[in-house]
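These notes concern the structure reproduced below.
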Amino acid sequence: MTTASANVVFDEVTKFYGEILGVNRVSFSLEPGVTALVGPNGSGKTTVMNLMTGLIQPTSGTVRVRGLSPSDPEPFFRQVGYCTQFDSFPRGVTGRDFLYGPLRVTGFSRAQAEKLTHEALERAGMLQAAGRRVAAYSKGMRQRIRLAQAIAHRPSVLVLDEPLNGLDPMARAETLALFQELGRQGLHLIISSHILEEVDRISDRVVLMSNGSIVAEGRIHQVRREVQDHPMQILVRCSNPRQLAAEAFALDGVVEAKLQKDGGGLLVRTTDSDRFYLLLNRVAAEGAVEIDAVAPADDDVNSIYQYLIGSDEGAS
Amino acid sequence: MAAESASEFGRRPWGLRARQAWILVRREVRRNLFTRRRIWVYLLAFGPVVLLAIRRAMPHPGPIDAAALQDATRMLAGMMQFYYVRLGLFFACMGIFTWLFRGEMVERTLHYPFLLPVRREVLVVGKFLAGAAIAIALFEAAVLGCFFFLYSWFGSLGWNYVFEGAGLHQLGAYMLIVALGGLGYGSVFLGLSLVFRNPIVPGAVFFGWEAITPVLPSWLQPLSVTFYLKPLYPISVSSHLPGLLALFTVVTEPVSTLTAVVGLLCFTAAVLAFSCYRIRKTEIAYTSD
């Protein structure tokens, strides 16, 4: 449990761009760990991230990150790193200068800045290409050097807008592993991505946005449980799925039990997952059915997204 | 390290800010001085120097005497008032200072300095000092060049005038005028670039404003740069000019040198304070630029 001052807090934040509403009365309090910010195009994800880092200012409401306001950049940006979606770089800069220069402006000594630059380049897998001009980088390399810059000063809050864009599968896997590691170290990671399956693997929480408002927010399992319209899907691998199906149908809330094609499993849809889990405990204890594995089949960011926002638009 | 450094930084915030501003100045000078984009600024500054150098390479057409030297001195005074300060320095400052922030907005890189643990006021001061250093260095060099080629044409008579006559005093006055003009115009154009997406039109309005300063009510005249620069010119050229041109050089509200210098520095500081206020409100909105 963390105190509110250690969290990333939005309190009734509204942002208008002229007469166009960017985000509408957004409130949340994010604890350390990995939070996925998902929603369709134009839902307000980037606006939330820009508000979080002071690149734009709220029309009303307040933004606090670990108790600090983005309007006070000196303490704020020592704690916060932001990897934006803007794919542009200062002219003529090399990868190393792109990291080293800002660290020097920040106030680090030459030795410190060199050490931090090296460390961040290494973590982002960009050491080899650091001496080349960024203009000659591929899209994936540009993405990684931006990420390296965002983490170079060792922030405690990392805001990442579509950080997996342009990365090849290998780089994606390495980057996700890096995010997981940073999340485990107690950092706040706020990640927007349209690659829901991949952010789902590393996210503790989800903030789901649509039309500038928050549709759902919280721990992924908790949010999924609150989606009452769609029964939860639970996949059980067991020795006797037919008997388990018969027992399941006797329970209130079970709306479907489908045998797997290989005959070694059962997919159950239920509106009362707690009761079904109790059933599993009972049959396992009685030894009537040998349970090999139990896994929620739609307890993830992607499913929550599909249920609450729909599949047509696609997140971005 | 972030936490350790934060406490270390927190102990000497003004020292740190000064260091940040110095690093920004060096970065901006490198970015804005040695670039093809600034070739036209070099032309504005050194065009007259090149012309005088070409003239210097030719033999003097008439007798080298005191009258010819006086004519040359008046020509230099006119060149300073009509070309260097009113046109060359003005448009060079327009190009240099409006590009400092607007250029980063156009190139979509302004978010990088905005995401640093640096007060935005420090960014304004750093960029302003860099722009001033560039403009002043180029135009001071140009004034020196003009002075050299103009008076060296007169041989020993010219050198005597420079070192034993009024030459050095005039040179000092022109250098001071260029420095103060760079600061004054620079602050205005930096401020305009933070208010208007396209500062060209307000820049043109400001050009007109500077021209009509002498006919403005006395309480409005201090809101221009030329009001403070005019009293500093060592030679008045207005009596040798026809009506409308004389209007541009005449001093209708004379002030002392000290008042002019302090007044222009205060004017610059006030406009910079406004820029600092504006930068705090500036948002990153590349899509609409």
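Quick note: the coordinates plus some simple rules give every number you see, no bench work behind them. This structure is a prediction, so every number in the text was calculated from the model and none was measured. Glycine gets a Cβ as well: all are built from the backbone with ideal geometry, and neighbour counts include every protein chain shown.
Odds and ends about this structure:
- Packing order of peptides B:207-219, A:166-178, A:208-220, highest average first: A:208-220, A:166-178, B:207-219 (average count of other Cβ atoms within 10 Å over each peptide's residues).
- Distance from segment B:51-103 to segment A:176-219 (C-alpha centre basis), Å: 63 Å
- 5 angstrom amide H check on A:Leu37, placed H, neighbours 5+ away: A:Ile191, A:Ser192, A:Ser193, A:Val207
- Principal-axis analysis of the Cα atoms of chain B puts helix B:155-164 at an angle of about 60° to the longest axis.
- Cβ-to-Cβ counts within 10 Å put B:Arg102, B:Arg55 in ascending order as B:Arg55, B:Arg102, the fewest first.
- Rounded to the nearest whole Hz, the Karplus-based 3J(HN,Hα) values (6.51 cos²θ - 1.76 cosθ + 1.60, θ = phi - 60°) of segment B:211-220 follow the sequence 5, 8, 3, x, 9, 7, x, 4, 6, 8, with x at glycine and proline.
- Remark on A:Tyr82: its backbone amide H falls under 5 Å from those of A:Val159, a criterion applied only to residues 5 or more positions apart or on other chains, H modelled at 1.01 Å from N.
- Options A:Gly107, B:Trp219, A:Leu189, ranked by Cα towards positive dipole end of the protein assembly as shown, top entry (Cβ charges): B:Trp219
- Taking the fewest neighbouring Cβ atoms within 10 Å as the starting point, the ordered list for B:His169, A:His188, B:His111 is B:His169, B:His111, A:His188.
- When Rg and Dmax are taken over the Cα atoms of segment B:85-144, they come to 13.4, 41 Å.
- Note on A:Lys261 and A:Asp274: the extension gain reaches 2.1 nm, defined as 0.36 nm multiplied by sequence separation minus the Cα-Cα distance.
- Inter-part distance, segment B:144-211 to segment A:21-53, computed on C-alpha centroids, equals 51 Å.
- Dipole size of the protein assembly as shown about its Cα centre, with +1 on Lys/Arg Cβ and -1 on Asp/Glu Cβ: approximately 2240 debye, rounded to the nearest 20.
- If you take all other residues with their beta carbon under 10 Å from the beta carbon of A:Asp200, and give Lys and Arg +1 and Asp and Glu -1, the sum is -3.
- Gyration tensor verdict on the protein assembly as shown (Cα atoms; rounded if a/c is under 1.5, prolate if a/b is larger than b/c, oblate otherwise): prolate
- For chain A, built as a Gaussian network whose Cα springs stay under 10 Å, the top-fluctuating residue of A:Ser239, A:Ser203, A:Ser29: A:Ser239
- Gaussian network model of chain B, Cα within-10 Å springs - most flexible of B:Ala57, B:Ala72, B:Ala92: B:Ala57
- Its Cα centre serving as origin, segment A:231-297 has a Cβ charge dipole (Lys and Arg +1, Asp and Glu -1) of approximately 180 debye.
- Ranking B:Ile134, B:Phe267, B:Leu180 by Cα position along the charge dipole of chain B, where only Lys, Arg, Asp and Glu carry charges on their C-beta atoms, puts B:Ile134 farthest toward the positive end.
- Spatially, segment A:102-155 and segment A:231-296 are offset by 50 Å when compared through their Cα centroids.
- Distant-in-sequence amide contacts of A:Gly22, defined by a placed amide H-H separation under 5 Å and a gap of 5 or more residues or a different chain, comprise A:Lys15, A:Phe16, A:Tyr17.
- Of A:Thr14, A:Thr84, A:Thr106, the one that fluctuates the most in a GNM where chain A has Cα springs shorter than 10 Å: A:Thr106
- Rounded to 10°, Cα long-axis angle of helix A:110-123 versus longest principal axis of chain A: 30 degrees
- If you wrap the Cα atoms of chain B in a convex hull and average its projected area over all directions, you get 18.3 nm².
- Exposure proxy order (Cβ contacts within 10 Å, fewest to most) of B:Cys276, B:Cys93, A:Cys238: B:Cys276, A:Cys238, B:Cys93
- Test item: A:100-106 mean partner chain Cβ contacts at 10 Å: 6
- Convex hull volume of chain A per residue (C-alpha atoms, cubic angstrom): 163 Å³
- Other protein chain Cβ atoms within 10 Å, averaged over every residue that makes up A:70-83: 5
- Magnitude of the charge dipole for chain B, about its Cα centre and with charges confined to Cβ atoms of Lys, Arg (+1) and Asp, Glu (-1), is about 960 debye.
- Sequentially through segment A:170-176, phi angles give Karplus couplings (6.51, -1.76, 1.60; θ = phi - 60°) of 5, 5, 4, 5, 5, 5, 4 Hz, Gly and Pro residues having no value and appearing as x.
- With both residues required to sit in the protein assembly as shown, DSSP beta bridges show an antiparallel share near 65%.
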